[in-house]
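Student: My structure is below; once you've seen it, I'll send some questions.
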Amino acid sequence: MALTHERAERSTIGIRKGDQVRVIAGRDAGKSGRVLSVNAKKNTVVVEHIAIMKRHTRPNPGKNIKGGIVEKEAGINVSNVMVVCANCGKHSRIGHNILPDGTKVRTCKRCNSTLDK
Ligand SMILES: [Zn+2]
């Protein structure tokens with residue numbers, strides 16, 4: 001099997017787990033939440049309280065599971081969300097900056113503050 005996943009093209013995902021993001025397109029447009037996980041292969045992110053999927057489960061007395069509806073976040077495409085800057089409070093495109101010590105950080109394109117701690 002060829003190593004096709006080692007492609008030269010850079011991942012466009014600037015969003016990271018724990019980021020505060022705002023949904024800019026789709027069913028949940030306008031909402032915001034914290035990123036719970038990032039799937040770089042699928043280009044999707046899971047954001048808390050966004051894109052809730054309702055799953056009906058059967059009761060399983062052996063595992064003490066009550067039947068009913070379980071709500072779970074589904075992944076949404078990264079192009080539908082933008083990171084929210086903690087400094088200016090607005091959703092922004094992500095810029096990159098290299099600090100004098102060589103550390104690469106993400107920056108807010110609006111106010112140029114660093115998004116990474
Ligand atoms: Zn900002």
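Rule-based calculations on the coordinates, nothing more; no lab input. If you're wondering where the values come from, they're calculated on a predicted model, not measured in any experiment. Cβ placement follows ideal geometry from the backbone for every residue including glycine, while neighbour counts extend to all protein chains displayed.
Student: Can you compute 3J(HN,Hα) from phi for each residue in the range 101-108, using the Karplus curve 6.51 cos²θ - 1.76 cosθ + 1.60 with θ = phi - 60°, rounded to whole Hz and x for Gly and Pro?
Tutor: These are the phi-based 3J(HN,Hα) values: 8, x, 6, 8, 10, 8, 10, 7 Hz.
Student: May I ask you to list the lysines whose Cα is less than 26 Å away from that of Lys72, ignoring any residue fewer than eight positions away on the same chain?
Tutor: Lys17, Lys31, Lys41, Lys42, Lys54, Lys63
Student: Would you grab the residues whose amide H sits under 5 Å from the one on Ser32? Only those 5+ places off in sequence or on another chain, please, with H modelled 1.01 Å from N.
Tutor: Excluding prolines and chain starts, which carry no amide H, the hits are Val23.
Student: From the backbone phi of the range 66-82, what are the Karplus-calculated ³J(HN,Hα) couplings (6.51 cos²θ - 1.76 cosθ + 1.60, θ = phi - 60°) in whole Hz, Gly and Pro given as x?
Tutor: Running phi through 6.51 cos²θ - 1.76 cosθ + 1.60 with θ = phi - 60° gives 7, x, x, 9, 9, 9, 9, 6, 9, x, 10, 5, 4, 6, 8, 10, 10 Hz.
Student: Residue-wise, which Karplus ³J(HN,Hα) couplings in Hz belong to the range 35-47, taking 6.51 cos²θ - 1.76 cosθ + 1.60, θ = phi - 60°, and x for glycine or proline?
Tutor: Once θ is set to phi - 60°, the couplings for the range 35-47 become 6, 8, 7, 10, 10, 5, 5, 8, 6, 10, 10, 9, 10 Hz.
Student: Sticking with this one: Restricting things to Cα coordinates, could you compute the convex hull volume per residue of the range 20-82 in Å³?
Tutor: 97 Å³
Student: Set the Förster radius R0 to 22 Å, insert the Cβ-Cβ distance between Asn87 and Asn43 as r into 1/(1 + (r/R0)^6), and round the FRET efficiency to 0.05.
Tutor: It comes to 0.25.
Student: Could you list which residues have their amide H under 5 Å from that of Gly75, counting only those 5 or more apart in sequence or on another chain, with H placed in the peptide plane?
Tutor: Those qualifying (amide H under 5 Å, at least 5 residues apart or on another chain) number zero.
Student: Moving on to the next point. So how do Ser32, Ser92, Ser113 line up by other beta-carbon neighbours within 10 Å, fewest first?
Tutor: Starting with the residue having the fewest Cβ neighbours, the order is Ser113, Ser32, Ser92.
Student: Then there's this: Going by amide H atoms built from the backbone, whose H comes under 5 Å of the H on Val81, apart from near neighbours?
Tutor: Answer set, sorted by chain and number: Ile24.
Student: For Ala25 paired with Lys72, estimate the spin-label separation in nm (one decimal), with each label point 7 Å from Cα along the Cα-to-Cβ line.
Tutor: Inter-label distance under the simple model: 2.7 nm.
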